[in-house]
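Each remark here refers to the structure printed beneath this line.
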Amino acid sequence: MTPQAMTHQGWKLVLFGPPGAGKGTQAQLLKEHLQVAHVSSGDLFRHHLSNGTELGELARGYMNQGILVPDDVTIGMVLDRIGPMSPDEGFLLDGFPRNVKQAQALNDALAESDRRIDRVIHIKVADAELIRRLSNRYICRVCQKPFAGDAATGAVPARCDDCPDGGDIYQRADDTAAAVANRIAVYHQETAPVLDFYQAHGLLSDIAGEGPVESVNQAALASLQPNLAKAFRPAAF
Ligand code: AMP
């Protein structure tokens, strides 16, 4: 484990940003570096979908349209995942919370076990770039690694190069043009207000998300300087 990982051991983080900001890619890098669990609400829903569970069937229609799954279902699903973790265990939330009610529910649930969010990393990307990225995004069905179609030919690899069995690569049903437009609109209307919630608690770090993956990762790590996070953390949060 690197010294930086040790500094942040046990941290509870939120990776925040619009769809297509690169949260999934950054989460993969951060979770290894910081030794925290990656908890993606979208991946949890997709897991339910591919297992044909009742929750998955309920979520399917909302997801395909690019709108939020109702809070009672979503909050319960995410809290079921992080609730049983030991207080010392770190996690990186990705895609949750997505509205102020979810942020408040998360806050309340963590407080019950004397836990709290340590920092929120907000990856900022302009809408035009989000649309460009999402319409050219493909995902490994097994490990969820994202791939982009070739810039010149649009060709997409058939199999994932990261999975032992080479998971097949597909385009998400909600990466179609209509669903993408909805998801970006929902982000501005319902999700962006969560930024004010965390800003008010002194937990927010904004980073630019349009550069190369490695520079975004460096910016994310730099935003986790311990003096910042611990100094601004209000006792009640
Ligand atoms: P994502 O993979 O994060 O883009 O999520 C895919 C879809 O899952 C979203 O468009 C929503 O339909 C649903 N979803 C994921 N996270 C949440 C959440 N926190 N609240 C409500 N719906 C969510």
Screening Ala103, Ala109, Ala179 for residues that are outside any loop (DSSP other than H, G, I, E, B), among the small types (Gly, Ala, Ser) and crowded, with 20+ Cβ neighbours inside 10 Å leaves only Ala103
Exactly one of Glu214, Glu210 is open to solvent by 60 Å² or more (accessible area, probe 1.4 Å), touching a Leu at 6+ places or on another chain (Cβ under 9 Å) and acidic (Asp, Glu), and that one is Glu214
If you go through Pro157, Pro146, Pro226, the only one that is more than 19 Å from the chain's Cα centre (by Cα), at pLDDT below 90 and open to solvent by less than 80 Å² (accessible area, probe 1.4 Å) is Pro226
Matching residues in the stretch 47-66 (under 16 Å from the mean Cα position of the chain (by Cα) and open to solvent by 40 Å² or more (accessible area, probe 1.4 Å)) number 1
**Study point:** Ala185 in a helix (DSSP H, G or I), small (Gly, Ala, Ser) and surrounded by 14 or more Cβ atoms within 10 Å (Cβ to Cβ)
**Key:** no
Subset of the stretch 82-98, residues within 12 Å of the ligand (Cβ to nearest atom) and either at pLDDT below 95 or under 23 Å from Cys140 (Cβ atoms) (or both), comes to Leu93, Asp94, Gly95, Phe96
Residue pairs qualifying under the 8 Å Cβ cut-off, at least six apart or on distinct chains, with the first in the stretch 46-59 being touching a residue at least 24 places away in the same chain (Cβ under 8 Å) and the second being acidic (Asp, Glu), are none
Within the stretch 130-158, the residues that are in a helix (DSSP H, G or I) and more than 16 Å from the ligand (Cβ to nearest atom) are Arg132
Selection from the stretch 176-188 of residues more than 16 Å from the chain's Cα centre (by Cα) and within 13 Å of the ligand (Cβ to nearest atom) yields Thr176, Ala178, Ala179, Val180, Ala181, Asn182, Ala185
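The values are calculated or read from the model by the stated rules, or taken from the named source; none is laboratory data. Source: prediction; values computed, not measured. Backbone-built Cβ (ideal geometry, glycine too); neighbour counts: all protein chains shown. Ligands, DNA and RNA are stripped out before the accessible areas are found, and what is left, the full protein with its side chains, is counted by its heavy atoms. Shrake-Rupley method; radii C 1.70, N 1.55, O 1.52, S 1.80 Å.
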